[in-house]
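The values are calculated or read from the model by the stated rules, or taken from the named source; none is laboratory data. These figures come from a predicted structure and were not determined experimentally. When the accessible area is computed, the model is the full protein with side chains, heavy atoms only, and any ligands, DNA or RNA have been set aside. Shrake-Rupley method; radii C 1.70, N 1.55, O 1.52, S 1.80 Å.
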Amino acid sequence: MLVMMQPIRAKAAAKSSSSGTDADDARSGEAGGGGPAVELPFHLTEKILYSISPLASARLATVCKSWAAAVSERLARPVPHLFVYLPPDNKSDHRGVVVSVPMDSGGPPAQVIPNRVLLADTNGLRCVGATPSGCLAFANWCWWDTGVLLVNPITGARRKLDGERLCRDPVIASGGDADSFISIGTDHLVLWWRAGGGEEWSKWTVAAPAAAHRTDGIMSVVNCNGRFYILDRDGQVSLIDATAPPPLLIEKLPVVSLCDLFPTLATAMATGHLLESDGEVLFVRRVLASVEHRGVPFCNHDIITDENLSIVGFEVYRLDVDGRRWTEVKKLSSDRALFVSPVSSFSVRSSETEGCRSNCIYFVDKKRYCSSCLRDDGNTWGVYSMEAREVLFKHAVTRPGPCSSATWFLPRVV
């Protein structure tokens, strides 16, 4: 197992009475040496449950009614977790692991949560993103008949959406409470959309003339109240307004290119994330710096991409359509926190997210990898403070070994 943390173990178990009634109603029964059963005060119940992650505490809901109520309240406010996509393991029929990480230094330790992504369903596929409903998306455009597979890694619920032949992997849209993504054909786009909590998917074909948009150059998509903002590799932003009457059209916005904003950074788009926060469209750019690496090399090849680069900070910009520009953001609005990873980025309210720090950016990082032997230096996750303008800490998620990837997602159990 490449993951640094150990699997969770239940620290409490339910004990049924002979009459089959709930523990809350068994106060007159005997416990241990014959004395009356004692119900823990609520503050002690909270202390026990909050010593482990919300998902890990789910198995303790059967202890008694008060514990079930406390667990249900925690699960109703999902906390971001990491899905670590690992190479296939012939010793398991599952693929990857779900990791609960402490949102701050005083939270419960990192734990591995039981994962229900099956190897048989995802063999040969890549994890291409995560949806607001808590599903992970898997696809591989090189395979003729794969379509898009959506899997809830907590419940195991899965659904396959079959589409036409694609010219690259679909792009999952961040933002909003509706699942959506854009599949990319040779000369057109298809917008797939499912309202929050619904089962039925709708799809619209969007003509994409060469003069309006390069269909093979989409880097990021964000859904902001039914208006889909698309960032391409040239740093240009286009709009598909799904709230407008059909047919759906794509419109290039007259906003300064991000490549013009960062003229010295050839890989500006590859180091950035488009997301929605409080009804605004943000571009979050990683700031990389050379870091000295010591110790034994993780492979014997000389060609290693991003050999000495690591995340040392972030810059945030807000899209100002009326002003036709990007405006730098020094402080996140309200009590927001951002979670960014290569294929999944989103914002949360820290006041509604257990242990989360406001005005911070939670990120994942991979220092080095070798494309020749498909090995990497391991994944890390960390927190960057917008106020202090520094990385507060980083923690390892995986050890050096076969290539893996870490993706933020919001787990849902219903």
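At-a-glance table
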{"quantity": "Region 217-242-region 90-142 distance, computed between alpha-carbon centres (Å)", "calculated": "26"}
{"quantity": "Cα-based convex hull volume of region 349-402 per residue, rounded to whole Å³", "calculated": "93"}
{"quantity": "Set K160/K203; K91/K394; K366/K394 screened for pairs whose C-alpha atoms are more than 23 Å apart", "calculated": "K91/K394"}
{"quantity": "Descending semi-axes in whole angstrom, ellipsoid equivalent of region 77-181, from the Cα gyration tensor", "calculated": "25, 18, 11"}
{"quantity": "Computed lengthening from W141 to R349, 0.36 nm per intervening residue step minus Cα-Cα distance", "calculated": "71.4 nm"}
{"quantity": "Kirkwood hydrodynamic radius of region 322-378, Cα pairs, Å", "calculated": "14.0"}
{"quantity": "Å² of accessible area per residue within region 355-413, as computed with a 1.4 Å probe and no ligands counted", "calculated": "38"}
